[in-house]
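I have placed the structure first, in the form of structure tokens, so that the comments after it can refer back to it.
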Amino acid sequence: MSLFNDIRKQKYSVRMAFFVLSLFITATLVGFFWFTDIERRTFFAFHPDPQEQAAFIARQNARIPAPVAALGSLLTSMPARIGDFIGFDRSKGFDRPVKDDTVYPLPIVH
């Protein structure tokens with residue numbers, strides 16, 4: 001716990017500066033991944049051609065810095081790693097039961 005004690009011994013302004021810096025870095029990374037995902041989904045919605053989509057993904061991957069790309073691949077593979085740890089077998093797949101739901105329209109009164 002000496003690290004926490006060393007942090008508490010610092011002046012308030014130093015602690016606050018590092019807090020704001022870490023908050024800014026975290027918000028920037030989350031915003032970057034969010035914007036990239038929204039951009040990809042929007043492009044796929046308007047361009048159904050698989051060749052255009054592949055070219056777009058290649059352009060998008062080329063402009064992502066290597067450390068950020070490594071972090072992104074780590075985050076995308078995290079659910080699979082958690083599933084492996086829990087004991088899910090990826091080769092079996094995941095089947096959802098078919099729902100036979102009936103849609104009932106709302107009564108509209110004029």
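The values are calculated or read from the model by the stated rules, or taken from the named source; none is laboratory data. Quantities reported herein were computed from a predicted structural model and do not represent experimental measurements. Cβ coordinates were reconstructed from backbone atoms using ideal geometry, including for glycine residues, and neighbour counts include every protein chain displayed.
I'd like to know if the range 31-54 contains one or more residues that are closer than 15 Å to Gly72 by Cβ, aliphatic (A, V, I, L, M) and out of contact with any His (no Cβ under 6 Å at 6 or more places or on another chain).
Yes, the conditions are met somewhere in the range 31-54.
For the structure I just gave you, tell me whether Val20 is of a type in the set (Val, Ile, Thr), more than 30 Å from Ile7 (Cα to Cα), over 19 Å from the mean Cα position of the chain (by Cα) and modelled with pLDDT of 75 or more.
No: the conditions fail for Val20.
Is at least one residue of the range 5-17 among the hydrophobic types (A, V, I, L, M, F, W, C), in a helix (DSSP H, G or I) and under 15 Å from Val68 (Cβ atoms)?
No, every residue in the range 5-17 fails to be among the hydrophobic types (A, V, I, L, M, F, W, C), in a helix (DSSP H, G or I) and under 15 Å from Val68 (Cβ atoms).
In the range 49-68, what residues are more than 27 Å from Ile25 (Cα to Cα) and either part of a helix (DSSP H, G or I) or modelled with pLDDT under 90 (or both)?
The answer is Pro50, Gln51, Glu52, Gln53, Ala54, Ala55.
For the range 81-93, indicate whether the set of residues that are at pLDDT below 85, of a type in the set (Lys, Arg) and touching a helix residue (DSSP H, G or I) at 6+ places or on another chain (Cβ under 8 Å) is non-empty.
Scanning the range 81-93, I find at least one residue that is at pLDDT below 85, of a type in the set (Lys, Arg) and touching a helix residue (DSSP H, G or I) at 6+ places or on another chain (Cβ under 8 Å), so the answer is yes.
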